[in-house]
1. In whole angstrom, how long is each semi-axis of the equivalent ellipsoid of chain B, when you take the square root of 5 times every eigenvalue of its Cα gyration tensor and sort them from largest down?
2. Which whole number in µm²/s is D for region A:34-140 by Stokes-Einstein, with the Kirkwood Rh taken over Cα pairs at 20 °C and 1.002 mPa s?
3. Order these by the 10 Å Cβ neighbour count, fewest first: B:291, A:334.
4. Quick one: what do you get for chain A if you divide its Cα Rg by 2.2 N^0.38 Å?
5. Compute a Gaussian network model of chain A, connecting alpha carbons closer than 10 Å, and tell me which residue from A:184, A:87, A:279 fluctuates the most.
6. R0 = 51 Å: FRET efficiency of residue A:94 with residue A:165, Cβ-based, nearest 0.05?
7. How large is Rg/Rh for region B:636-740, to two decimals, with Cα atoms and a Kirkwood Rh?
8. Specify, per residue and in Å³, the volume enclosed by the convex hull of the alpha carbon atoms belonging to region B:397-544.
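No lab work stands behind these numbers, since they all come straight from the coordinates. Just so it is clear, the model here is predicted, and its values are computed rather than measured. Cβ placement follows ideal geometry from the backbone for every residue including glycine, while neighbour counts extend to all protein chains displayed.
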Amino acid sequence: MSDTISDLESLAQRHTSELSAATSLDDLRDREAAAFSKDSELGQIGKSLGSLDVDMKKTVGAKVNAVRQQLQQAAAARRVELEASARLAQLEAERLDLTEVLGAPTPGTIHVVKQTQRALEDVFIGMGFSIAEGPEVETDWYNFEALNFPPGHPARSSWDTFHVELGEPESVVLRTHTSPVQVRTMETHEPPIYVVSPGQTYRRETADARHMAVFHQIEGLVVDKGITFGDLAGCIDTFTQAYFGPGITARLRPGFFPFTEPSAEFEVVCFFCNGDGCRTCSHTGWIELGGCGMVDPNVFKAVGIDPEEYTGFAFGFGIERCAQLRHNLDDMRILSDNDIRFLSQF
Amino acid sequence: MLVPLSWLRDFTPLEGDTKFLTDTFNELGLVVDGVQEIGGGLDGVVVARVLEVRAHPDADKVRLADVDLGDGQPLQIACGAANLAAGQLVPVATIGTVLPGDFEIARRKLRGEWSNGMICSADELGLASERASGIMVLPNDLTVGASFSEAMKIERDVVFDLDIEGNRPDAMCIAGIARDLAGKLKLPFSIPEPQINESDTLVEDLATLVVEDSVLCPRFTIRVITGVHIGPSPELIARRLTLAGMRPINNVVDASNYVMLELGQPSHPFDLDRVAKNTLRIRKTTGNESIETLDGSERALPADAGVVCDGDDKVTSVAGIMGGAISEIGPDTTSVLSEAAMWDPYAINKTSRQLALRTEASARFEKRIDREGILRAQSRIAEILLLSNPTAKIARGVIDHNATQTWPSNAERVRVRTARVNAVLGTDLTDEQVAQYIEPIGFVVNLIEPGVSEVLIPSFRSDSEREIDVIEEIARMYGYDNIARRVSTSPHVGGLSPYQHNRRAIEDLLTGLGLTEAWTSPLLSPGDLERAGLPEDAVMLTNPLLREESKLRTSFLPGLLKAVAFNLTRRNQGVRFFEVGRSFGLPSEGALLPDEREYLAVALANEDDDARSASRLWSAVIDGMKLRGTSLQPLTLDGLHPTRTAAIHGPDNQLIGHVGEVDPTVCGRFEINRRVGWLQLDLAAALALVEESPQMKPVSRYPAAEFDLAFIVDNAVSAAAVEDTLRASAGDILESVKLFDVFRGAQSNEGARSLAYALRVAALDHTLSESEVTDVRARAIAAVEATHGASLRS
């Protein structure tokens, strides 16, 4: 009996060290088979239990179970170790350099002028405005006459106008501003009116770093009861602070437009130097942006709105100018080159 | 307009530094474009006599002069001016002088010869805005060694460059600007009355006037001055003209120019002896007339232009724009006919545009001059001319054709309601304040009842004719920035229209798909459309700046192909553009304006792009935008590949665009040697198909079955038609059908190809049984075979 017990003990020792020395999960499986199968030493001893007397059977049986348990624990412990190292090996094998970027999809871009236009539209939408649009080829009536430029009026000379070969001579123009949209809006909508009209406009000017013959404008129009010049100045301030940043307020100085009276030019605090004076603002602390004013009663009369009942204001400025200021564009003409190396920067 | 401060001070006692005055100008809307300080930096500049001039031994363009600075000792100075000569008195900047522009004079060696100072030109001394052609030669009666600024009585001055708005005829002159400043700063203001003595000779005995057109010329006045000696103007007159940017010419012409700048009234001096029959005749041209103008140009005059003719009916001057050479003041002139008139602003503007000739005079007449200021200007011209001609005789009286009373004129009296002033401006002014703000600038205010004033518009403010115009003047004087700001709130909810919203969405979808938005000019060059394979018919510009930009686009093809070529030439990668913009078809029957529509155009020009990538993109747009019921039909379209283009139709068979590839020949003409995929949508029509609020369809909770079917289908049958048949035959249980392979080769015959579809089916209420799946598969096969003559690919 003691032989059997001692056999079991040496067997236990031997297999424990063999299981613990398994080099891989497959190897462990082989060694487990060697340790636990019916033909293994432990299996043979188990089979031989039946031939033993009751006491022996109990003692040896208990020892067999203890050894089996010991070996199973050894196998389990080794399995945990092997699994852990196998995972480590696999992870190590899978190691990637994520800076090896190949074939990334390249999203395109919205044109920087359109992006600027959208940002401006969004500011005014936040202020309760809608977006009004209209044709780029316009009649003289909408572009000039309804806006208080009588035919032949010398003030027309300062709006360098392209005419097209349609209708009577000079009766159809490429719109010089988006103001015709204001006229169309007032013709078709009852006050209160709060709209901005962004869009492409045309001036017969030779292109240079700061001007293009085809460009974009955004104009605003408010028509309501009780609207004053104070509302106009407040609206401009609200917009400039929302778009250019807190503290970037506007100042107004007298100007001249046939369609507004009183008229004003507006300038914003230079946001490069916060008004201290720098090269961008020619050391004035201010940057010229656009024009504005109270809607001229003659414009209201042209569209059938009673100027005694309603007052209103209008303003307008260049979208390219905003883009130029915000993105530091040195020459406007790059905007229509469509060089993808430029467009993809924004 | 260049405005010297000293001149303004003739009319109002201005104080304050340059910064303060600049701010005040700006607040008045007289925008300061620039400021020039005059007469500073002259300490150390002395009057010197040139003793000797000799050649520099080692330089061609520089000579050496010995000058006497007052101590009798010759001092050597190098000088490059050609007009330097011995005996002259000249200004010399001595060593250590800091000239205007922070230019310090030091003793220096020039090619081995010492130069001990600088002989100066007028611009180097800050006394002229333009570069002078030589050194300044001083009058010979000055004391050598005296301070230059004292000897020359140089006054320190400041010249403001003002940008005068188009509605301010009154601010086109020094006196008017002074009036505005005085009003704003609450300073006294007055225009002195000219003091002249007339002779006994009546002007009517010396000259005759015939005005044939009083609408063209509502007022025309003539003064005659005899016994004139032509010579230079007095120093003050010449200096001020120079500061104001005009070149002094002679005492007669200068007097006319000086008064125009001072009072805003242009005038023209004629040599009376060169005016035939001493008669001026005002009329319009009849055609085929021409004139040699003062600038030496022979100009053909348009018909209906206003002209001044002589007694032989020969044109002597273009009315209100420029005088003629025929009666020009010359060195021998002794009798001067001074003309000052008022012209119809519209007529002057028209002729000036037709002649492309804009002058100081026409700029003022266009804005309508002060009809009541003409006689004062005539007297002032005589007064100034007499400064240099004390013995000249001013004929008695003025020939005055005055039709301004019957001429279509502005309202002279305007009712102004104080409540209206406050309602427009958002102010809280009283009746008294309204008057206080505008009376100093010439408006006369009579309160006729509480809250209502009658305002007399001054004759020099022809821009003011309505209550609102007077309100603007009140606002200007009150100060725009003193008006309290208020943020009114819109009663509306702001937002984009559905169309505007979807337009942004499709733009964003396309950029997400890797496309870049281009912006091409709507102005095309003649031939652009033809190069793109399109008809050249398009709306033409009447007055293009450049021939290359003289035509309105009817298609985006030329513009986008140019953009593609621009990038390919630069070997740029990822050239896949879209553009959203207007295109301008010829007006439809009876319409005046072009058929202007907004389009989305796409040009795909990566290396592997072609009609297939355009079609894939269109498919992604359909899915991304949730467009309902579109279909493709093969189409031949100008400029596009004849066998690789399809029309896109909406559910009611309306055309909404096309997709395909640019004709390779067209690509070649634009120097693009690769295929260009093309998509164009009529945006309004396409975005009308966006499903605004898609309604939910239930999703099965039971497992779906999937199977693939491949058919040999004749090339004439579209894949879309096969797909439609599959869809119809599978019925409700079809979850999706997708073409996943197209194969042309071994198994398919000539003229046919294999189309493989993956179908996925599921029922809403149970797991499909095997026999149900077998059934639907068999139905689908049968339907495709029967409908399209196709066969299942084994």
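1. 79, 36, 29
2. The calculation lands on 94 µm²/s.
3. On the way: B:291 25, A:334 14.
Exposure proxy ranking, most exposed first: A:334, B:291.
4. 2.13
5. Result for chain A, Cα springs under 10 Å: A:87 fluctuates most.
6. Working from the Cβ atoms, E equals 0.15.
7. 1.07
8. Measuring per residue, one finds 315 Å³ for the Cα hull of region B:397-544.
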